[in-house]
Structures are given as C-alpha cells and as structure tokens.
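This report concerns only the one structure given below.
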Amino acid sequence: MADLDRLTEVIEPEAKALGFELVRVKMMPSEAGDGGEALQIMAEDPATGQLVIEQCAALSRRVSDRIDALEEQGEVLIDGAYHLEVSSPGIDRPLTRAKDFADWAGHEAKVSMAKGYDGQRNLRGILKGVEGDAVTIEDRKAGDVTVPRDQIHSAKLVLTDELIAATQPLDTSGADEIVETPDIPDEEKADD
C-alpha cells in the first residue's frame with residue numbers, strides 16, 4: 001500500500017513548480033483493465049480551475065521523473081507496478097480542500113461521511129461553505145447540517161445546469177465555426 005501523505009509531499013512541489021494547485025492524490029484500481037493500481041493525480045491551474053492536455057503531460061513527466069529519482073535512491077513510494085494518471089478535476093469535481101468547499105458554496109454537492117461517523121452517513125444538497133474545520137450543507141432531507149471536514153470520506157459537486165453555467169470553458173475559440181467535409185463513400189474508406 002502506498003503512503004498517500006508521502007506521495008503528496010513528493011508531488012505537490014512538482015505541481016507548484018508548474019504553477020498548479022494539487023487537488024487530490026489517490027491510489028485506485030487502474031482503468032487499464034490489468035487488475036493493477038493507478039496513482040491518480042488531480043491538479044488545476046488557478047487561473048482556469050482546470051488543466052489542458054499539455055499541462056497534464058508536463059505534470060506527468062515531472063512527477064514520473066521525481067518518483068524515478070527517489071526510487072533510484074532506494075525509496076519505495078508505491079509497492080509493485082502502477083499506472084500514473086494525471087487529470088483535471090472536471091466540472092463535477094471532488095471537493096478535497098477547505099478552499100473547494102468555500103469556492104463552490106451555493107452549488108449542489110454529495111458528501112459521504114467516514115465509517116464510524118456518528119450521524120447521517122450521506123448528505124446531498126446545497127453547499128453552504130466552510131468555517132474553520134466544519135463544512136455546512138443544506139441537506140435535502142435534514143436541512144442545514146454541519147460536519148467536521150476530517151470526518152468526510154468523499155465529497156463532490158453534482159452536475160447541474162447551474163454548475164455548467166458557472167463553469168467557463170477553457171478555450172472557446174473556434175466553437176462557433178463549423179467545418180464541413182465531403183462524405184467519403186464506404187468503398188473508399190475500406191481502401192485506407
């Protein structure tokens with residue numbers, strides 16, 4: 001099992017060096033279908049709240065080089081083989097940092113509490129914000145509920161029309177241009 005705190009210590013300076021903020025570091029089952037694990041890194045450019053492909057690639061190279069260098073020095077950060085996945089948080093992003101709960105107040109969110117939390121396990125409603133170490137959500141059933149942030153297992157925004165309207169695309173150039181291409185007959189496609 002990987003030490004996520006140590007991985008975060010290694011990865012965060014690499015993200016900051018590129019001007020990015022780290023959103024989440026997580027080990028999860030790989031989507032490659034090989035039964036392996038993936039080291040998932042989510043980061044964002046503070047100017048846009050997202051990363052474009054070139055930014056993901058740059059962060060992936062830096063992190064990969066840093067992990068390789070530490071492993072050459074004898075430090076094992078992840079036992080066994082793994083895939084490195086670097087991505088942008090997306091519109092229905094996870095909420096992991098205090099600033100996420102503050103920045104996205106007013107939007108609908110789903111919050112799942114940690115096992116053993118004494119109280120309602122799942123909350124869904126309008127995020128009210130964060131004060132100190134406590135997050136408040138206006139749950140659909142229970143009304144305003146305030147929970148300790150360290151007792152939250154996972155939280156993410158819910159994809160709604162309001163969220164889509166509040167999230168600006170990174171680059172809209174060319175969005176209004178339509179390029180028409182001639183239809184290629186099936187027999188010509190087969191010859192390619």
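Scanning the stretch 60-104 for residues that are within 28 Å of Gln151 (Cα to Cα), assigned to a loop (DSSP other than H, G, I, E, B) and open to solvent by 40 Å² or more (accessible area, probe 1.4 Å) turns up Asp79, Ile91, Asp92, Thr96, Arg97, Trp104. Out of everything in the stretch 159-168 that is within 19 Å of Lys99 (Cβ to Cβ) and either in a loop (DSSP other than H, G, I, E, B) or not hydrophobic (A, V, I, L, M, F, W, C) (or both), what residue ends up being least open to solvent (accessible area, probe 1.4 Å)? Ranking the qualifying residues of the stretch 159-168, first place goes to Thr167.
Applying the criterion of being under 9 Å from the mean Cα position of the chain (by Cα) and touching a residue at least 60 places away in the same chain (Cβ under 8 Å) to the residues of the stretch 21-49, the residue that is surrounded by the fewest Cβ atoms within 10 Å (Cβ to Cβ) is Arg24.
The conditions of being among the acidic types (Asp, Glu) and at pLDDT 95 or above are not met by Glu162. When the stretch 50-76 is filtered for residues that are over 16 Å from the mean Cα position of the chain (by Cα) and under 17 Å from Ser30 (Cα atoms), only Ser64 remains. Counting only residues that are at pLDDT 95 or above and surrounded by fewer than 16 Cβ atoms within 10 Å (Cβ to Cβ), the stretch 105-121 holds 2 of them.
The values are calculated or read from the model by the stated rules, or taken from the named source; none is laboratory data. Being a predicted model, the structure only gives us computed values, none of them experimental. All Cβ positions, even for glycine, are placed from backbone atoms using ideal geometry, and neighbour counts span all protein chains on display. Just so you know, the surface numbers come from the protein's heavy atoms only, side chains and all, with ligands and any DNA or RNA stripped out. Shrake-Rupley method; radii C 1.70, N 1.55, O 1.52, S 1.80 Å.
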